1. Can you find even one residue in segment 83-93 that is over 17 Å from Arg22 (Cα atoms), crowded, with 18+ Cβ neighbours inside 10 Å, outside the structural domain of Thr238 (by TED's automatic domain parsing) and at pLDDT below 95?
2. Mind counting the residues in segment 237-288 that are surrounded by fewer than 16 Cβ atoms within 10 Å (Cβ to Cβ) and among the hydrophobic types (A, V, I, L, M, F, W, C)?
3. May I ask you to say which residue of Gly115, Gly161, Gly173, Gly165 is more than 20 Å from the chain's Cα centre (by Cα) and either within 30 Å of Tyr47 (Cβ to Cβ) or not β-branched (Val, Ile, Thr) (or both)?
4. Please verify whether segment 173-180 includes one or more residues that are under 18 Å from Pro206 (Cβ atoms) and surrounded by fewer than 17 Cβ atoms within 10 Å (Cβ to Cβ).
5. Which one of the conditions (1) surrounded by fewer than 16 Cβ atoms within 10 Å (Cβ to Cβ); (2) assigned to a loop (DSSP other than H, G, I, E, B) does Ser203 fail to meet, given that it meets all the rest?
6. Taking the residues in segment 20-73 that are over 15 Å from Cys97 (Cβ atoms) and of a type in the set (Lys, Arg) as candidates, determine which candidate is modelled with the lowest pLDDT.
7. Just to be sure before I move on: is Asp329 part of a helix (DSSP H, G or I) and either of a type in the set (D, E, K, R) or touching a Lys or Arg at 6+ places or on another chain (Cβ under 8 Å) (or both) in the structure I sent?
Amino acid sequence: MNNSVKPQTTSVNWELIERYIRSRISGLPDKPMEVHPFSAGYSNLTYRIAIGEWEAVFRRPPFGSIPPKAHDMKREFTILEKLHPVFPLAPKPYLYCEDPAVSDKHFYIMEKKNGLVLDDALPPEHEGDTAYTRTVSETVVNTLTFLHSIDYRKAELADIGRPEGYLERQVHGWIKRYEQAKTEEIGEVTEIEQWLLRHLPSSPAPTIVHNDFKLNNMMLSPDDPRQAVAVFDWEMCTIGDPLTDLACSLAYWTEPGEAETGLTSVTIQPGFLTRREFADMYAAKSGRDLSVIDYHLTFAFYKIAVVLQQLYYRWKKGETADDRFASLDVGIYNLMRQAGRAKNRELL
C-alpha cells in the first residue's frame, strides 16, 4: 500500500482501514489504497483516500485523549446521512465504523467533492476581477439562505439540537469556557460579557445551524463562481438561531484595514460585499429581521476569540508544543476589540 502520510499518522493502521472499506463497498479497483492528509487544522483529522479512480474522505478524531462528548463522528455521520438528500452540498457519507479492532478511534468515510476553496488568495486569473468577487459573495449568501430554508423536521433532523433557549445556553456556555481558559486580563472582556448577558434578544424561528459557516468551508465550481459544490465541517451542526450562523459568516468576512486576528480571508480583496451588504442581501433573500444582528456579531467575535483562547491556554500551560498557538494572543485581543466595536454598532 502507498502510505503518503506524515510520520505522526503512523498510529492509523491503514491496512485495516482498507480491508474494512473493501468489505463494505463492493466493486473497488484491485489497486493499492493511497492516503494523503489534507491541510492540518486544529480539530478532527481528515485524509483523502484513493483506490484507483475511486476517491473518498476519511475523518476521525485527533490522537490522544479527548473529552467524552467531543469529536463525535457518529453524530456527524448521522447528520450527513439525513442532510445530504435535502442539501446536496453536504457530502454524502459512505460508512461509519467504531470497531476498536479496526481503529483506535471511531471514523467515517464520505464522498470527495472536487472544486475550488478560497482561503486567503484568489486564483491568479481572477486577481482584480471585481465581477468575480461580487459573484462569489452572492453565492455564499445564497448558500447560507438555502441552508436556513430547509425544513429540518421533514429532514428528520429535529433531534440534533434543542432550539428552545439555544442562544441563552450558547452565551452562558461560551462565557464559562473563557473563564476556564483565561490566561491574561483583557480590559474590554468583562464589559462585553455583561452586555451579552443583559441584552439577550429573542430568536427567530429555528433552523438548521451549521455553526462554522464561512467562505473557506465552502467549495465552488472552478468554472462558474455562481455554483457552490460543497459545504464542509458539519461537526457542530445543530438546530437553533439562524442569526448566529449569519453572524459567524460576517465575523470571518474580514474587511480591508482590520487588525490581525489570525483569521485569513480573501474577502479583503476588491469587489467582495461589505459586511453590511452581505447582511442586507441575506435579509432580503431570507425575509428575516436583522434588527438585532449587532448583538449576534458581537457574540460571534467573542466566541471565535474564546476558541483561540482555549488553544492558547493549552500552549501556555505546556499541554501542546504546537508553535501555531504561540502567537494566538494577538488574534484573541483583536477579536475581543472587534466584539467591542460590534457592540457599539461600529461594524454594520
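The values are calculated or read from the model by the stated rules, or taken from the named source; none is laboratory data. The shown structure was predicted, so the numbers you read here are calculated from the model rather than taken from an experiment. Backbone-built Cβ (ideal geometry, glycine too); neighbour counts: all protein chains shown.
1. No, that holds for no residue.
2. Residues meeting the conditions: 3.
3. Values: Gly115 fails: more than 20 Å from the chain's Cα centre (by Cα); Gly161 fails: more than 20 Å from the chain's Cα centre (by Cα); Gly173 fails: more than 20 Å from the chain's Cα centre (by Cα).
Result: Gly165 is the single residue among Gly115, Gly161, Gly173, Gly165 that is more than 20 Å from the chain's Cα centre (by Cα) and either within 30 Å of Tyr47 (Cβ to Cβ) or not β-branched (Val, Ile, Thr) (or both).
4. At the first step, the residues of segment 173-180 found to be under 18 Å from Pro206 (Cβ atoms) are 173.
Next cut, surrounded by fewer than 17 Cβ atoms within 10 Å (Cβ to Cβ) only: 173.
Looking through segment 173-180, at least one residue is under 18 Å from Pro206 (Cβ atoms) and surrounded by fewer than 17 Cβ atoms within 10 Å (Cβ to Cβ).
5. (1)
6. Lys69
7. Working: part of a helix (DSSP H, G or I): yes; either of a type in the set (D, E, K, R) or touching a Lys or Arg at 6+ places or on another chain (Cβ under 8 Å) (or both): yes.
So Asp329 passes the test.
Per-residue answers, yes or no, for (1) over 30 Å from Asp119 (Cβ atoms); (2) surrounded by fewer than 19 Cβ atoms within 10 Å (Cβ to Cβ); (3) modelled with pLDDT under 95:
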site	(1), (2), (3)
Arg134	no, yes, no
Ser137	no, no, no
Asn142	no, yes, no
His148	no, no, no
Arg153	yes, yes, no
Ala158	yes, yes, no
Gly165	yes, yes, no
Glu185	yes, yes, yes
